[in-house]
Structures are given as C-alpha cells and as structure tokens.
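**Student:** Attaching a single structure in structure tokens format; questions to follow.
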C-alpha cells in the first residue's frame, strides 16, 4: 500500500470516528403545519408538510430552527439509522432569532444519543461542517464550508430582527435548516438560511453560539421573553469638522443618534443629536463598533446579550457635556407589528358581511392593498408615532356581498376611525361597538367621504344567510 493511500485511509477513518457521535445525535424532523389564510381569516388554512434537521442537546431536548416547526400541527422525529418515527412537541420557540426546542414524548428516543456540546465563534477562514437532510433526503448529508464573514444580518424568518450571523461558502438548502454546524467536535452554529441560486452560489448562514446561548438562557424560567433593543438609529462620526462642532476630540470615538423611536426602551431618555461614547464600559468607535471579547462587533451586540428588565449604561455627550444614563430594556411593542407572525390565528370581526381585521406584516403580504393611507400608516407606525393614537391599524379588509352592505365596495382597505362615536384603537373596540344595541351603526373611516351606515335590524335578518353562503362558522376571532 502506498504511503499516500495510507494517509488518505487514515484521514477517512478519523473523519468517520468524529462523525459517528454527531450522526447519533442528529435528528430528522417531519412537520405537518397549517398556514393561516389572512384573506379568509375564518378558514382553517392550508395544510403543508416539510422536513428539517435538529440535534440533541442536554436535558433530552432537540434544538432546531423556529421556521422548521412554525405553525406546526403534528411533529415526528427520527434518528440517523433508526427510521422509527417518534412524536414530538414544541417546548420553546423564538421567532425573532429563529430557534426552537422540541421535547420528544417517549424518553427511549434518546437512548444511544449524546448531547452535543457548544463551542465558540469560529475563526474567519476556518473550516466547518454542516449536517442535515437537504432537499428532504432521508439519510445524513455532510457538507463543508469556510467561514467567510461574521456580521449582523436580518433573520428572514421574522424579516425584522437582526442578530449576529456567520456566513459560510456552503449552500444551506431546505432540509439543512436546524442542523448543527460543527468544528472540532463541537457545535459552532445552527444552519438556518441561504440564498437561491440566482442570487448567490454556495452561500449559507448559520446562527452563532452567542445567539443560541442567549436563547437557552432566556427559557430557563420556562418562557421566552424575546430580544429587547435600544430602539435607536445612529450615524457614523468620521467628519473632523462635525466632530469639532460637537465638541469631540480627534480620537475616533463616538456616534451620533439619528432617531429615538417612540415606544422603545430609549424613548424619553436619549435624544436625537446625543453622542454615544461608551456602552457598559466599552468605548464606542466612530463607526459604531466596539471591541468585545476579543472581537470587533457593532455596539448593539452588548444589548443582544441582555434580557427584559436589564439595563444598559451609556456615557453620552449632550450639549458638549458628558452624562451617564441608564436605559431599562422593556417590551418591544410597537415594533412587533412589522415582523412576520407565526403560531397564531388571524383575528377578525364580521358584521353585516363586512370583514374587519388588524393590519400586520402577514396581512399585507397576502392582501397587498393599494390604499396609500393604509400603507403609509403601516410603514411609519413607529416613526411618526401613529401607535400613540392606534394600538392597532384596523381596516375593512373585505366585503362579503349582500343587499345589507350594498354600496360599501369603495371602502375596502379603509382604516376604521370610529363606530358610533367610539374611537377604534383595537379590533376589540370594533367587537364591542357592534355588541352594543343601536338602531344604526355609523362607521367612519380615515378616508375622505361619507360614513358607512348599517341598520341593525337588517343585519340581524341577513346574518344567518351570509354566514351560510360563505361557509363561516363564527362571526369573530379576537384571540391570537
């Protein structure tokens, strides 16, 4: 046997030894989900099926992506080399960072498995291995890639939240999602998203260990509280003249606040024009970065490691004077309006064939309304402080034609302002307004024009026929 062949065989045998315990802990997940229908919110939705990956961690739990098990109605898991399916359920799910933990009903599933351990952040240009079941395959697949970038990116599952990500030059395909990304026998990430071939070739992303560990820490009390942030925007301070005008030294430190979003953690504490100099003792560079645990990351990474109820301590420059302020981190509302929602049913109220719904990202994705006032109110819900007057954007989303609602077609997608003088801030207000007996219901919208008027007597007479005609079991759903 040649020396070269001996080396190759030795390396192959070594790789198999390393892969063996990983394969034993790899999990194939089959999910049957039900996608809600925001155009017909009374409908149960479309049933779909999909395949993803996961892996065993301590506590007899299976880690995977949130998007693998979102809207799931039935889950089964199986192990590599053991085709027997076991029923599983979602233990915790975090849609803002695309992670989930599953619990398997039968403890015997974990026989022969070894919980995988977590490592740290891999070095740029180091090699990692991605485990999973791409394109729905039934057998384990392993691909290798090189770490090419560590950066903040938007997580496509929520379409709003941005966290630390690691880019590798290996494609992440459906079925890879939720699988472990390994280096030196330890998990350094969870595979979760990639690009289609017409956008980028062989580019994939994994959720790094700091994000995973934060999720696991958050759920230790039995519930997930989600990420909290400062709710600000900031601008780089490279320009020497701008620095002098603000009273800053020529030391490449500090960024200027561009916006402090109303309703966020910093509202009433920070002001536009403040210069952030330090965050929790870390000096802030003029590009918004800090040196954090042997690496350079955006200043937001400090906040990423915190939880609801924690505080962030900042040194700021305001009116040329240094101050120290503490920002308590609290509920992220109203920002959640603009993220994808999962695991909840569409809410609606039907009265006289008129369908009323609250607007969120899911609603807009399916309806794609052309009403400019509605689209503006959604886009600037936070920035323009619209949330201060409306906790929700409630619209007339559809008209189920009937003589009782004739001549209301032009009001579709109009924002609802009032019903019989009651200010409409939430969908609950709509339900309560119609629950109060009145001879007529006068519905005023945000659009210019006359109100909609419904006669209660006529609506009551028509309701049964409307519900039967359109196959509607209930006139409302107010619960998420």
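The values are calculated or read from the model by the stated rules, or taken from the named source; none is laboratory data. Everything numeric in this text was worked out from a predicted model, so none of it was measured. Every residue, glycine among them, receives a Cβ derived from its backbone with ideal geometry; neighbour counts consider all protein chains shown.
**Student:** Is there a residue being at pLDDT 95 or above, outside any loop (DSSP other than H, G, I, E, B) and in contact with a helix residue (DSSP H, G or I) (Cβ under 9 Å, 6 or more places away or on another chain) anywhere in region 112-119?
**Tutor:** Yes - at least one qualifying residue is present in region 112-119.
**Student:** Take the residues in region 20-34 that are surrounded by fewer than 16 Cβ atoms within 10 Å (Cβ to Cβ) and at pLDDT 95 or above; name whichever of them is farthest from residue 212 (Cα to Cα).
**Tutor:** If we take residues in region 20-34 being surrounded by fewer than 16 Cβ atoms within 10 Å (Cβ to Cβ) and at pLDDT 95 or above, then 34 is farthest from residue 212 (Cα to Cα).
**Student:** A follow-up question, please. Could we say that residue 104 is within 30 Å of residue 335 (Cβ to Cβ) and modelled with pLDDT of 95 or more here?
**Tutor:** For residue 104, the condition - within 30 Å of residue 335 (Cβ to Cβ) and modelled with pLDDT of 95 or more - is not met.
**Student:** Before we move on, is residue 57 under 25 Å from residue 480 (Cα atoms) and not assigned by TED's automatic domain parsing to the domain that holds residue 186?
**Tutor:** No.
**Student:** Quick one: in region 289-312, which of the residues that are more than 24 Å from the chain's Cα centre (by Cα) and over 25 Å from residue 244 (Cα atoms) is surrounded by the most Cβ atoms within 10 Å (Cβ to Cβ)?
**Tutor:** 292
**Student:** Is it the case that residue 207 is out of contact with any helix residue (DSSP H, G or I) (no Cβ under 8 Å at 6 or more places or on another chain) and closer than 21 Å to residue 340 by Cα?
**Tutor:** Yes; evaluated as a whole, the condition is true for this residue.
**Student:** Can you tell me which residue in region 427-468 is surrounded by the fewest Cβ atoms within 10 Å (Cβ to Cβ), limited to those that are within 20 Å of residue 360 (Cβ to Cβ) and touching a strand residue (DSSP E or B) at 6+ places or on another chain (Cβ under 7 Å)?
**Tutor:** Looking at residues that are within 20 Å of residue 360 (Cβ to Cβ) and touching a strand residue (DSSP E or B) at 6+ places or on another chain (Cβ under 7 Å), I get 446.
**Student:** Is one or more of the residues making up region 72-81 at pLDDT 95 or above, within 30 Å of residue 355 (Cα to Cα), touching a strand residue (DSSP E or B) at 6+ places or on another chain (Cβ under 8 Å) and outside the structural domain of residue 471 (by TED's automatic domain parsing)?
**Tutor:** Checking region 72-81: at least one residue is at pLDDT 95 or above, within 30 Å of residue 355 (Cα to Cα), touching a strand residue (DSSP E or B) at 6+ places or on another chain (Cβ under 8 Å) and outside the structural domain of residue 471 (by TED's automatic domain parsing).
**Student:** Report, by residue number, each residue of region 336-351 that is outside any loop (DSSP other than H, G, I, E, B) and surrounded by 19 or more Cβ atoms within 10 Å (Cβ to Cβ).
**Tutor:** 337, 348, 349, 350, 351
**Student:** Among the residues of region 323-333, is any crowded, with 19+ Cβ neighbours inside 10 Å and either part of a strand (DSSP E or B) or at positive phi (or both)?
**Tutor:** Yes, that holds for at least one residue.
**Student:** Moving to a separate point now. Go through region 342-359 residue by residue and tally those that are within 27 Å of residue 89 (Cα to Cα) and either touching a strand residue (DSSP E or B) at 6+ places or on another chain (Cβ under 9 Å) or without any contact (Cβ under 8 Å) to a residue 60 or more places away in the chain (or both).
**Tutor:** Residues that pass the stated criteria total 5.
**Student:** Now a separate question. Any residue in region 311-326 that's assigned by TED's automatic domain parsing to the domain that holds residue 266 and in contact (Cβ under 8 Å) with a residue 24 or more places away in the chain: show its pairings with residues that are in a loop (DSSP other than H, G, I, E, B) and exposed (fewer than 12 other Cβ atoms within 10 Å of the Cβ) at Cβ separation under 9 Å, as long as the two are six or more apart or on different chains.
**Tutor:** 313/281; 315/281
Yes/no matrix, rows are residues, columns are (1) free of Cβ contacts under 8 Å to residues at least 24 places away in the same chain; (2) outside any loop (DSSP other than H, G, I, E, B):
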{"position": "382", "(1), (2)": "no, no"}
{"position": "391", "(1), (2)": "no, no"}
{"position": "395", "(1), (2)": "no, yes"}
{"position": "407", "(1), (2)": "yes, no"}
{"position": "418", "(1), (2)": "no, yes"}
{"position": "454", "(1), (2)": "no, yes"}
{"position": "462", "(1), (2)": "no, yes"}
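**Student:** Okay, moving on. Among the residues in region 84-97, are any assigned to a strand (DSSP E or B), without any contact (Cβ under 8 Å) to a residue 12 or more places away in the chain and either more than 27 Å from the chain's Cα centre (by Cα) or more than 18 Å from residue 29 (Cα to Cα) (or both)?
**Tutor:** Scanning region 84-97 turns up at least one residue that is assigned to a strand (DSSP E or B), without any contact (Cβ under 8 Å) to a residue 12 or more places away in the chain and either more than 27 Å from the chain's Cα centre (by Cα) or more than 18 Å from residue 29 (Cα to Cα) (or both).
**Student:** Pairs, please: C-beta under 8 Å, at least 6 apart or cross-chain, first residue on the phi > 0 side of the Ramachandran plot and surrounded by fewer than 17 Cβ atoms within 10 Å (Cβ to Cβ) and in region 248-264, second part of a loop (DSSP other than H, G, I, E, B) and modelled with pLDDT of 90 or more?
**Tutor:** Cβ pairs passing all conditions: 252/286.
**Student:** Hey, another quick one. Across region 265-288, what is the number of residues that are farther than 15 Å from residue 312 by Cα, in contact (Cβ under 8 Å) with a residue 40 or more places away in the chain and under 29 Å from the mean Cα position of the chain (by Cα)?
**Tutor:** Of the residues in that region, 3 qualify.
**Student:** Residues to consider are 218, 161, 151; find the one that is more than 21 Å from residue 50 (Cα to Cα) and surrounded by fewer than 17 Cβ atoms within 10 Å (Cβ to Cβ).
**Tutor:** 151 is the lone residue from the list that is more than 21 Å from residue 50 (Cα to Cα) and surrounded by fewer than 17 Cβ atoms within 10 Å (Cβ to Cβ).
**Student:** A further question follows. Can you tell me which condition residue 39 does not meet? The list is (1) touching a helix residue (DSSP H, G or I) at 6+ places or on another chain (Cβ under 7 Å); (2) buried (at least 22 other Cβ atoms within 10 Å of the Cβ), and all the others hold.
**Tutor:** Of everything listed in (1) touching a helix residue (DSSP H, G or I) at 6+ places or on another chain (Cβ under 7 Å); (2) buried (at least 22 other Cβ atoms within 10 Å of the Cβ), residue 39 misses just condition (2).
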